[in-house]
Each structure stands twice: as structure tokens, then as C-alpha cells.
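As C-alpha cells, the structure follows; a few thoughts come after it.
What follows draws every value from the coordinates through simple rules; no lab data is involved. Being a predicted model, the structure only gives us computed values, none of them experimental. Note that each Cβ is placed from the backbone with ideal geometry, even for glycine, and that neighbours are counted across all protein chains shown.
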Amino acid sequence: MSNLHEHPDARAAAELNEKVSLIKSELKKAIVGQDEIIHQLLISLLSKGHCLLVGVPGLAKTLLIKSLANVLDLNFNRIQFTPDLMPSDITGTELIEEDPVTKRREFRFIRGPLFANVVLADEINRTPPKTQSALLEAMQEQRITIAGKTYPIDEPFFVLATQNPIEQEGTYPLPEAQLDRFMFNLWLGYPDAKEEAEILRLTTGEYSAKLNKVVSGSELRVFQELIRKVPVADNIIDFVVKLVSKTRPANDNAPQFIKELVRWGAGPRASQFLILAAKTKALIEGRFTPDINDVLYSVVPILRHRIITNFNAEADGITSKEVIERLIKEL
């Protein structure tokens, strides 16, 4: 294993390590608990991935994302998804403008809220597929095409979509192929009694968190490029390939319980994200090459929305998370 200080990018890696600690300490001023979620959000951000956050109302999802954007000195936009939201409401639209002198008319593009560094897509399953697709296309292509003209979205570009797991009436669940665009599917849990007491102290008094900006957009882009330079051993790549291929019921090497409970397994994008997440986790923890534990850390949030269980699993109340945990034990 390479030592951090022997690598030509050691100074940049050490700076990344220090900046991640600063980001976390700043976020603690506004957010109580959620340490694991914050760590995973930073892994996703540095890996150039996007996140789907699932949690009941009142768990500070919006506050967390807004605080993260403030600490990173990035442009932040929140889009509240509703059944009547149109694609142009988020991407932008063309308006006819008349020059007051020449009286000449021409189209001018008015940018929508998607043109930001950090976009919170609140309750993405509340809007019809047409509008969902506009967001997901922008996530994938990092550009928007209107009336034949293409408008690039500035980097860094990080989309966080939220879903409420309770109310499913009047919603439009994201198709599996669209879910695959998200690197992580993160589930926010309730705070424990100690954390909830601290939340009450912070939010029912006069306290107002003042967050300092600790990382610029240009610094973040440098760190994202640094992640790509992290070397990965062949045995780690082989482990990821073996793990992901075993989630596919049509694969001869898949365990019997996968064949019995899974309709569709994870595709190659899952393997790519597992390697990127492992690289990022290793680097922000001061190691310059990932090990098996770095891969295992992100297996559940990366595979949870990519393993589609069948009727047998649903009838027995078996979730994709339980299937993943059983697979990890077998490996």
C-alpha cells in the first residue's frame, strides 16, 4: 500500500483531508447527528455523483443540503416538485425580447433553477415523468438543450433529490432505469433521544448558526480530479466485479437465494460507483489506495436501488437491503 506522503499529490491529498474535517465541523453548527449521512454525501460529491435522500419530513434534509452548499461556497437552488411542474420550469425557457432602439425581436434564454452548483430536488416523486426526465437528463449530460441550442451547466454540479417514504398516493415513482443515475440512495433515520434534545435546544431558542465558507468551487473541482488519480489494486477491482455480478440472477455464479428473490441485478454503473466511492473514502481518511472495507462501506447505498426484488421477496417482506447484506455475508 502506498504511503500518503510518498505520492506526488500528497500535498493536495493532505489538504483534502483537512478541508473535509473543516466542512464537517462547520456543518455540526447547524446539523445535529447525521454524521454517517454527511460522510456519504461528501463521498458522493467528491466522486461527481448524485444522491437520492429518503426520509420522513422534519429530518433537516433541506437544511443539510443548504448548509453544505453554504460551507462549500456554491450556488444553491431548491426546486419543490409538484404535479403541475413543467420541464421548462426547471430547465428554463426562451422569451421574445424587442430591442428598444432597432425594434428588432430576438429570443433570449432565461435560465431555470437547474443552473446551479447544488440543486435540491425536493420530493422528486411528486412530479410527472416528463419533468423528472428533464432533471435526470441534465444530471447525466450536464447540459440542457432548448430549441436546438445547448447550454452547459457549470461544474461542480451536484443534484440531491428527496423522497418521502410514507405518502405514496398521488406520486410518480422513479423508474428503475432513472434511479440508476443516482450514485447513492441514502435513508435518513430518526435522531436518538440525546440528539433530539439537542435539536430542540438549537431550534427553539435564539441560536442561529453562522457558517463559514471553507472550500471554493475551483478547489472542489481540483479535489474531484485528484480522486480519479487514486490507484486501485487489481484484487479490489476483481472483488467489485465478483460482487456486482453475483447480484444478477441470470449469472451462473449467482447464489441460489439471488436467483429466487431478485428480478434484476446491478449493472456496470454500480461497479464504477463502488470503485469511485472506495477511492474517495480512502483518500479523505488519509490513505492513498482503497481496500476491501472501503468498498463494503458503500455497498448498501449504491446497490439498494439497483437490485430489484421479485414477487417472492415482496411476498416474504424481504427488502433489497436484506438481500445485499446476505450477499456480503456469503462473500
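Taking every C-alpha pair closer than 8 Å and separated by at least 6 residues, the mean separation divided by the residue count of the chain gives a relative contact order of 22 percent.
Hey, how much of the P(r) for the chain falls beyond 35 Å, as a percent of Cα pairs? The partial results should precede the final answer.
On the way: 14901 of 54615 pairs.
The share of Cα pairs beyond 35 Å in the chain comes to 27 percent.
Taking amide H as placed 1.01 Å from N in the peptide plane, the amide H of T247 sits under 5 Å from that of A266, each at least 5 places away or on another chain. Here the gap between W187 and Q256, fully extended at 0.36 nm per residue and compared with their Cα-Cα distance, gives a gain of 22.0 nm. For segment 4-82, relative contact order (Cα pairs under 8 Å, six or more residues apart, normalised by length) works out to 31 percent. The HN-Hα couplings worked out from phi for segment 309-324 by the Karplus form 6.51 cos²θ - 1.76 cosθ + 1.60 (θ = phi - 60°) are 6, 9, 4, 4, 5, 5, 5, 8, x, 8, 8, 5, 4, 5, 5, 4 Hz, whole numbers, x standing for Gly and Pro.
Taken as Cα centroids, segment 92-168 and segment 22-77 sit 22 Å apart, rounded to the nearest whole angstrom.
Among 289-297, 98-106, what's the highest-first ranking by average C-beta atoms within 10 angstrom per residue? Mind showing how you got there, number by number?
Numbers: 289-297: 18.6, 98-106: 8.2.
For the peptides 289-297, 98-106, the packing ranking is 289-297, 98-106.
Given an 8 Å cut-off on Cα distances and at least 6 residues of separation, report the relative contact order of segment 182-331 as a percent.
Values: 150 pairs, mean separation 34.9, N = 150.
About 23 percent, as a whole number.
Annotation: extensible slack from N17 through E322 equals 106.5 nm (criterion: 0.36 nm per residue apart, minus Cα-Cα distance). From most to least packed by mean Cβ count within 10 Å, the peptides 54-60, 272-278 give 272-278, 54-60.
Of the beta bridges in the chain, as assigned by DSSP with both residues counted there, near 45 percent are antiparallel. The mean of 1/r over all distinct Cα pairs in segment 231-331, once inverted, gives the Kirkwood hydrodynamic radius of 13.8 Å.
Among 257-268, 216-227, what's the highest-first ranking by average C-beta atoms within 10 angstrom per residue?
Working: 257-268: 17.6, 216-227: 15.7.
Per-residue mean Cβ counts within 10 Å order the peptides as 257-268, 216-227.
Between N164 and L200, the FRET efficiency from the beta-carbon distance, with R0 = 22 Å, is close to 0.45.
Here is the P(r) of segment 132-243: all C-alpha pair distances, binned every 5 Å from 0, give 2, 7, 9, 11, 14, 16, 16, 14, 7, 3, 1 in whole percents.
So which of K29/K194; K28/K48; K24/K61; K279/K329 end up more than 18 Å apart, counting from Cα to Cα?
Values: K29/K194 16 Å; K28/K48 23 Å; K24/K61 16 Å; K279/K329 23 Å.
Beyond 18 Å: K28/K48; K279/K329.
For the chain, the 222 nm mean residue ellipticity estimated from helices alone, with every DSSP H stretch of n ≥ 4 adding -39500 (n - 2.57) and the total spread over all residues, rounds to -13000 deg cm²/dmol.
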